[in-house]
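Data first, discussion second: the structure below is written as structure tokens.
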Amino acid sequence: MTIDVSEYGRLPVGELVAQALTHNLPIDHWSPSSLAMFQRCPYQWQQRYIHGIKARPAEAPVTGTVVHAAIERNFAQKIASHEDLGIVELLDWYAEDAFPRIALEEQERSGMEILWDTTPDKARARGRVMLSEYHGNVAPRIQPEAVELRIAVDFGLGVPVEGRFDVDRPVSVIDVKTGRQARKTPKEDWNIQAAVYAKARNKPVEFHSVGASPKTNSVKIYTPLEEEALLVHPTVAQRDELARSLQAIARYACFLMSELGPDEPWPTLGRFHTWACGWCGYRSGCPAWKE
């Protein structure tokens with residue numbers, strides 16, 4: 001399902017900038033994650049979105065994708081049933097169907113084997129405990145209206161910003177984040193998501209952060225019930241300012257395409273980021289790491 005909110009028009013602060021923006025990129029939309037990637041490192045973005053090179057799939061994001069699929073499966077049927085699936089049924093589906101199927105799909109999509117930090121069995125077990133804890137402790141208090149809802153918002157970037165959130169309900173939008181560690185505060189790029197969701201739905205965004213240690217499988221879950229900072233609802237002024245920043249990102253991308261073209265390496269700004277290079281799948285061909 002897609003909600004097109006372009007009829008709301010561009011944010012006033014961005015009208016003059018948007019008029020001056022000549023879109024020359026081979027993309028028909030931005031996403032919060034692609035905007036965050038360009039902001040971290042234009043070279044990384046160039047490889048992914050202009051050259052179409054996909055990074056090798058890794059253990060943490062693949063495991064997170066499977067956990068998300070199981071959470072979606074539960075909430076999708078809960079819209080009508082108002083009841084959560086039985087935990088045994090959901091965990092069996094996760095372990096026997098979803099995990100092997102999605103892992104294979106990720107490998108086929110990228111053409112590369114998954115880079116396992118541990119082993120497939122250990123990753124599956126870690127995702128299983130994350131899912132079990134979330135299903136037992138968080139899911140019972142959520143009644144969804146829609147799941148995996150797609151939105152398209154005009155921020156004056158030449159093309160819309162499209163996103164997809166996990167759960168929509170009357171009082172908020174929910175986005176579930178998984179990883180090795182649960183977070184008590186949103187990451188910087190989560191704020192882009194919050195602004196997109198807020199403009200589309202005019203609701204606060206709840207970030208649910210679920211983490212499990214690869215060493216011990218101990219699970220931590222933070223939601224706005226435990227950490228208020230995970231409830232994000234940008235004001236109109238904050239959305240305007242973020243729109244201005246996103247327009248600057250898009251303008252810089254268009255400038256690099258105009259000045260350097262698609263093939264000359266774009267700036268390798270990830271080396272000035274606190275962690276971008278350490279997790280980048282494009283380092284082998286990056287000019288900043290030639291030596």
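Tabulated data
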{"item": "Hey, F155 over 18 Å from V219 (Cβ atoms), aromatic (F, W, Y) and not in a strand (DSSP E or B) or not", "result": "yes"}
{"item": "Top-ranked residue of segment 166-188 - restricted to ones that are out of contact with any Ser or Thr (no Cβ under 7 Å at 6 or more places or on another chain) and in a loop (DSSP other than H, G, I, E, B), ranked as surrounded by the most Cβ atoms within 10 Å (Cβ to Cβ)", "result": "P186"}
{"item": "Count - residues of segment 123-182 that are closer than 13 Å to A200 by Cβ, free of Cβ contacts under 8 Å to residues at least 40 places away in the same chain and either out of contact with any helix residue (DSSP H, G or I) (no Cβ under 8 Å at 6 or more places or on another chain) or not charged (D, E, K, R) (or both)", "result": "2"}
{"item": "Any hit, segment 113-121, residues being closer than 22 Å to V167 by Cα, surrounded by fewer than 13 Cβ atoms within 10 Å (Cβ to Cβ), touching a residue at least 12 places away in the same chain (Cβ under 8 Å) and touching a helix residue (DSSP H, G or I) at 6+ places or on another chain (Cβ under 9 Å)", "result": "no"}
{"item": "Residue within segment 28-40 that is under 30 Å from G285 (Cβ atoms), polar (S, T, N, Q), surrounded by 20 or more Cβ atoms within 10 Å (Cβ to Cβ) and at pLDDT 95 or above present", "result": "no"}
{"item": "Count of segment 206-247 residues which are in a strand (DSSP E or B) and in contact with a Gly (Cβ under 6 Å, 6 or more places away or on another chain)", "result": "2"}
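The values are calculated or read from the model by the stated rules, or taken from the named source; none is laboratory data. Since the structure is predicted, the reported quantities are computational estimates derived from the model, not experimental observations. Every residue, glycine among them, receives a Cβ derived from its backbone with ideal geometry; neighbour counts consider all protein chains shown.
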